[in-house]
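J.: Can you keep this structure in mind? I'll have questions shortly.
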Amino acid sequence: GDSVTQTEGPVTVSESESLIINCTYSATSIAYPNLFWYVRYPGEGLQLLLKVITAGQKGSSRGFEATYNKETTSFHLQKASVQESDSAVYYCALGGSNYNVLYFGSGTKLTVEP
Amino acid sequence: AQTIHQWPVAEIKAVGSPLSLGCTIKGKSSPNLYWYWQATGGTLQQLFYSITVGQVESVVQLNLSASRPKDDQFILSTEKLLLSHSGFYLCAWRPTGGAGYFGPGTRLTVL
């Protein structure tokens with residue numbers, strides 16, 4: 001079936017350091033799934049961070065980037081310089097052949113230390 | 001702009017007791033509605049979705065049921081709670097294939 005595997009948390013980094021949260025996917029129901037990164041900040045609801053629906057393309061938002069790599073079936077989330085305000089739980093997700101179903105990774109809790 | 005309201009915010013229930021969680025969305029007509037669940041330390045899983053009033057599709061079987069009694073309302077329920085039902089329940093609105101908007105969630109503790 002369709003599934004997503006992402007970096008096990010928690011992850012702690014210092015402010016201004018770079019970050020990568022790994023996400024790999026398995027899509028058996030569809031050749032080119034839609035890929036998403038969601039984020040839940042402390043005290044807030046889950047919200048979309050970025051979305052890419054075309055293989056080879058990059059999505060970006062709030063300084064974060066993720067590239068849809070069909071060859072390695074990956075969608076890693078990266079940021080060159082993190083800030084304390086980036087502390088949150090990040091979820092990678094995949095939309096399979098049933099466009100009404102989303103498959104989420106287990107979530108990665110990121111803590112950015114000052 | 002659409003708003004999603006979930007109730008209750010938190011619930012503590014006994015094993016074997018019934019449960020009803022609600023979700024309403026305002027500002028969006030004929031929304032696609034979704035229920036998700038995350039056990040503590042677990043993965044966020046989709047439980048149900050509904051494209052139209054009266055129709056609900058199940059994605060993951062957890063001895064739960066869902067109903068769509070109104071265009072803007074989605075209900076999650078069970079007659080007998082299990083310990084394994086504990087967790088965080090999220091309601092969402094998504095356009096088909098799209099990213100979507102999530103409600104604030106309900107924290108359920110089953111004792």
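The values are calculated or read from the model by the stated rules, or taken from the named source; none is laboratory data. Keep in mind that what you see is a predicted model, and the values were worked out from it rather than measured. Methodologically, a virtual Cβ is constructed for each residue, glycine included, from the backbone with ideal geometry; neighbour enumeration extends over all protein chains shown. Side chains are part of the model used for accessible areas, which takes the heavy atoms of the whole protein and leaves out ligands, DNA and RNA. Shrake-Rupley method; radii C 1.70, N 1.55, O 1.52, S 1.80 Å.
J.: What Kirkwood Rh does the stretch B:1-84 have if only Cα atoms enter the pairwise 1/r average? Answer in Å. Kindly include the intermediate steps, with their values, before the conclusion.
T.: Numbers: mean 1/r = 0.0739 Å⁻¹.
Taking every pair of different Cα atoms in the stretch B:1-84, averaging 1/r and inverting gives 13.5 Å.
J.: What is the total of Lys pairs in the protein assembly as shown with C-alpha atoms under 17 Å apart, excluding same-chain pairs fewer than 8 positions apart? Don't skip to the end; give the middle numbers.
T.: Working: A:Lys51/A:Lys70; A:Lys51/A:Lys79; A:Lys58/A:Lys70; A:Lys58/A:Lys79; A:Lys79/A:Lys109; B:Lys13/B:Lys80; B:Lys26/B:Lys70; B:Lys28/B:Lys70.
Close lysine pairs under the 17 Å cut-off: 8.
J.: Quote the Stokes-Einstein diffusion coefficient, in whole µm² s⁻¹, for the protein assembly as shown, based on the Kirkwood radius over alpha carbon pairs, a temperature of 37 °C and a viscosity of 0.692 mPa s.
T.: It comes out at roughly 182 µm²/s.
J.: Using the per-residue mean of other Cβ atoms lying within 10 Å as a proxy for protection, in what order, highest first, do the peptides A:87-99, B:51-63, B:17-29 fall?
T.: So the order, starting with the most tightly packed, is A:87-99, B:17-29, B:51-63.
J.: I've got another one for you. Can you give the charge dipole size of the protein assembly as shown about its Cα centre, rounded to the nearest 20 debye, using +1 on the beta carbon of Lys and Arg and -1 on the beta carbon of Asp and Glu?
T.: Computed about the Cα centre, the dipole is about 520 debye.
J.: Using the Kirkwood radius built from alpha carbon pairs, what does the Stokes-Einstein equation give as D for the stretch B:41-111 at 20 °C and 1.002 mPa s, in µm² per second?
T.: After rounding, the answer is 162 µm²/s.
J.: How high is the FRET efficiency from B:Asn63 to A:Lys109, r the C-beta distance, R0 41 Å, rounded to 0.05? Could the numbers behind the result be given before it?
T.: On the way: r = 29 Å, r/R0 = 0.71.
Plugging the Cβ-Cβ distance into 1/(1 + (r/R0)^6) gives 0.90.
J.: Using only the Cα atoms, what convex hull volume per residue in Å³ does the stretch A:1-82 have?
T.: 106 Å³
J.: Now for a different question. Under 9 Å from the Cβ of A:Glu84, count the other residues' Cβ atoms, weight Lys and Arg +1, Asp and Glu -1, and hand me the total.
T.: -3
J.: Moving on. Could you size up the charge dipole of chain B around its Cα centre, putting +1 on the beta carbon of Lys and Arg and -1 on that of Asp and Glu, and report it in debye to the nearest 20?
T.: So the magnitude is around 120 debye.
J.: Now, a different point. Where the accessible area of the protein assembly as shown is counted over protein heavy atoms with a 1.4 Å probe, how much of it, in %, is carbon and sulfur?
T.: In the protein assembly as shown, the share of accessible area belonging to carbon and sulfur is 50 percent.
J.: Interface A/B, total buried accessible area with a 1.4 Å probe, nearest 100 Å²?
T.: 1500 Å²
J.: A follow-up question, please. In the stretch B:20-41, what residues drop by 40 Å² or more of accessible area when the other protein chains are put back, versus the chain on its own? Use 1.4 Å, and skip ligands and nucleic acids.
T.: B:Gln38
J.: What does the charge add up to near A:Tyr68, with Lys and Arg as +1, Asp and Glu as -1, over the other residues with Cβ less than 13 Å from its Cβ?
T.: Within the 13 Å Cβ shell, the charges total +1.
J.: If we count every other residue with Cβ under 14 angstrom of B:Ser77's Cβ, Lys/Arg +1 and Asp/Glu -1, where does the sum land?
T.: With Lys, Arg at +1 and Asp, Glu at -1, the neighbours total +1.
J.: Okay, moving on. How many Å² of accessible area per residue for the protein assembly as shown, probe 1.4 Å?
T.: Solvent-accessible surface per residue comes out at 46 Å².
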